[in-house]
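**Q** Please read through the structure below; I'll follow up with questions.
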Amino acid sequence: MSLNDAPPRSGKVGFVSLGCPKALVDSERILTQLRVEGYDIVPTYDDADVVVVNTCGFIDSAVTESLDAIGEAIAENGKVIVTGCLGKRPEQIREAHPDVLAISGPQDYASVMNAIYAALPPKHDPFIDLVPRRAAAEDDIGIKLTPKHYAYLKISEGCNHRCSFCIIPSMRGDLVSRPVDEVLREAERLARGGVRELLVVSQDTSAYGVDVRYAERTWRDRAYQTRMKSLCEGLSELGIWTRLHYVYPYPHVDEIIPLMADGKLLPYLDIPFQHASPRILKLMKRPGAVDKTLERIQRWRSICPELTIRSTFIVGFPGETEAEFEQLLDFLDEAQLDRVGAFAYSPVEGATANALPDAVPDEVKQERLARFMERQADISAARLEAKVGTVQRCLVDAVDGDLAIARSMADAPEIDGLVQIQNGFEAGLKPGEFVDVEIMGSDEHDLYGEVAFDD
Ligand code: SF4
């Protein structure tokens, strides 16, 4: 059997998306994650092994529409996972449709993925898993759900860590890195196919190559190590944006900051810090030297002042005291991170954290989450406001009426903010084009500006 004939690695997923733009963004994120993990997205109930319904629960008619959509999916397919706003009222869903496989609330991507793993257990084959499924032809960039101008570049599978809240290592196994030359060739094909931004993804980007002892390979007659820094050096040869996601806070992340300062790599790091209390981090089985992390962030910013740091955190982890939660708020104040996502802890079946004592009551978790988001909203708004009056290099995603919708170097697609270019249509901008934008306004998430024309 040739690689092109390889069966789908994990199965076929149907998707029904209802609700507001925020729900749509959730759908996009779940679909993107499914794609990154190798699932096929199919358009009919008949073709699907399982169907995800992303619901809305805002008003009564939306609830009815959501319940009807779930009913239709059950009648047509039978295996249905429900997520989204109506997922906050599981009893209402179960009463109408007792057979749904799993229910989760909005933005709970992890629960949706876990339900999919449970419904469609991955057939782990380290060789097939790491081969792009349609990579035979030189210029074939495979099936992309993302717009033509950006693409996810998956560099490894699995993870060597054992964070206590996570079951990915038990589902996906230990780290298996793709050889660096293969990744660089895929990136080269994507760039030739019109991709202007590569989003490097994995479970732990900074561990890249440790499993193969940083094996050296050749690309374009030059030796590269299977290692994060060397990969970034190779990707910088393509002359397009490279953005790193899911970087674990190891000391050797220091090595790539000079590449960012030199413009070879986007000055952007997505590092899930998860918490800032050393005791909670220890319970999470994550690195706990918070003082060193803060020092490191300062050092990175002194080398590369335009560095954007995105992170995610879990509030209400078992045993988290009010004082430990406040340590987390203090960390936010000190670290001044640009972009932050947060989740109230919820147990994942099979995770070792489930055995920890002193679960935090739901209402306390929600109250802490709200305080956390409020504190960060002020920080994010201030950091965006500081950009008013500057000129930012942006990549255009879409043109909508008079506006062009773009992203600056500080904005990853789907998870960060946008730059609205007021005169985008007049300036003749097209999706996939780079443009310098004079920033004239800001809010908590987004920037507003106009194309900066040369005099
Ligand atoms: S949270 Fe991330 S780093 Fe930790 S075990 Fe899971 S995949 Fe690995």
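**Q** Looking at Ile309, Ile297, which is the one that is part of a strand (DSSP E or B), without any contact (Cβ under 8 Å) to a residue 60 or more places away in the chain and over 19 Å from Ile168 (Cβ atoms)?
**A** Answer to the selection: Ile309.
**Q** Within 15 Å of the ligand (Cβ to nearest atom) and assigned to a helix (DSSP H, G or I): does that describe Leu283?
**A** It is true that Leu283 is within 15 Å of the ligand (Cβ to nearest atom) and assigned to a helix (DSSP H, G or I).
**Q** For segment 256-277, state whether one or more residues are assigned to a helix (DSSP H, G or I) and open to solvent by 70 Å² or more (accessible area, probe 1.4 Å).
**A** Looking through segment 256-277, none of the residues is assigned to a helix (DSSP H, G or I) and open to solvent by 70 Å² or more (accessible area, probe 1.4 Å).
**Q** Just checking, which of Val210, Val253, Val290 is within 16 Å of the ligand (Cβ to nearest atom), at pLDDT below 95 and among the aliphatic types (A, V, I, L, M)?
**A** Val253
**Q** Something else now. What is the one condition in (1) within 17 Å of Glu414 (Cα to Cα); (2) modelled with pLDDT under 80; (3) open to solvent by less than 40 Å² (accessible area, probe 1.4 Å) that Asn54 does not satisfy?
**A** Just one mismatch for Asn54, condition (2).
**Q** So Thr352 ticks every box in (1) open to solvent by 60 Å² or more (accessible area, probe 1.4 Å); (2) within 30 Å of Tyr448 (Cβ to Cβ); (3) modelled with pLDDT under 95 but one. Which box is left unticked?
**A** (2)
**Q** Sticking with this one: Exactly one condition in (1) open to solvent by less than 10 Å² (accessible area, probe 1.4 Å); (2) on the phi < 0 side of the Ramachandran plot; (3) of a type outside the set (D, E, K, R) is false for Ala96; which is it?
**A** Of the numbered conditions (1) open to solvent by less than 10 Å² (accessible area, probe 1.4 Å); (2) on the phi < 0 side of the Ramachandran plot; (3) of a type outside the set (D, E, K, R), the odd one out for Ala96 is (1).
**Q** Test Gln392 against the stated conditions and say whether it is over 20 Å from Trp241 (Cα atoms) and either free of Cβ contacts under 8 Å to residues at least 40 places away in the same chain or buried (at least 16 other Cβ atoms within 10 Å of the Cβ) (or both).
**A** Spelling it out, it is not the case that Gln392 is over 20 Å from Trp241 (Cα atoms) and either free of Cβ contacts under 8 Å to residues at least 40 places away in the same chain or buried (at least 16 other Cβ atoms within 10 Å of the Cβ) (or both).
**Q** State yes or no: is Ala386 more than 30 Å from Gly105 (Cα to Cα), at pLDDT below 95 and not hydroxyl-bearing (Ser, Thr, Tyr)?
**A** No, not satisfied.
**Q** If you don't mind, there's one more thing I want to ask. Arg196 passes all but one of (1) touching a residue at least 60 places away in the same chain (Cβ under 8 Å); (2) under 16 Å from Glu182 (Cβ atoms); which number fails?
**A** (2) is the only condition that Arg196 fails.
**Q** State which residue is surrounded by the most Cβ atoms within 10 Å (Cβ to Cβ) when the search covers only segment 99-141 and only residues that are aromatic (Phe, Trp, Tyr) and at pLDDT 50 or above.
**A** Taking the candidates together, the pick is Tyr117.
**Q** Restricting the search to segment 170-185, which residues are at pLDDT 85 or above, more than 15 Å from Ala207 (Cα to Cα) and within 11 Å of the ligand (Cβ to nearest atom)?
**A** none
**Q** Name the residue, out of Leu332, Leu337, that is of a type in the set (A, V, I, L, M, F, W, C) and either outside any loop (DSSP other than H, G, I, E, B) or open to solvent by 50 Å² or more (accessible area, probe 1.4 Å) (or both).
**A** Leu332
**Q** Also, quick follow-up: I need a count of the residues in segment 400-434 that are open to solvent by 10 Å² or more (accessible area, probe 1.4 Å) and over 24 Å from the mean Cα position of the chain (by Cα).
**A** Of the residues in that region, 12 qualify.
**Q** Would you point out which residue out of Arg296, Arg243 is open to solvent by less than 50 Å² (accessible area, probe 1.4 Å), among the basic types (Lys, Arg) and within 22 Å of the chain's Cα centre (by Cα)?
**A** On inspection, the qualifying residue turns out to be Arg243.
**Q** In the set Ile167, Ile155, which member is in contact with a Phe, Trp or Tyr (Cβ under 6 Å, 6 or more places away or on another chain) and either acidic (Asp, Glu) or within 16 Å of the ligand (Cβ to nearest atom) (or both)?
**A** One residue alone meets the criteria, Ile155.
The values are calculated or read from the model by the stated rules, or taken from the named source; none is laboratory data. None of these values were measured; they are calculated from a predicted model. Virtual Cβ from ideal backbone geometry, glycine too; neighbours counted across all protein chains shown. Keep in mind that these areas ignore ligands, DNA and RNA; they rest on the heavy atoms of the full protein, side chains included. Shrake-Rupley method; radii C 1.70, N 1.55, O 1.52, S 1.80 Å.
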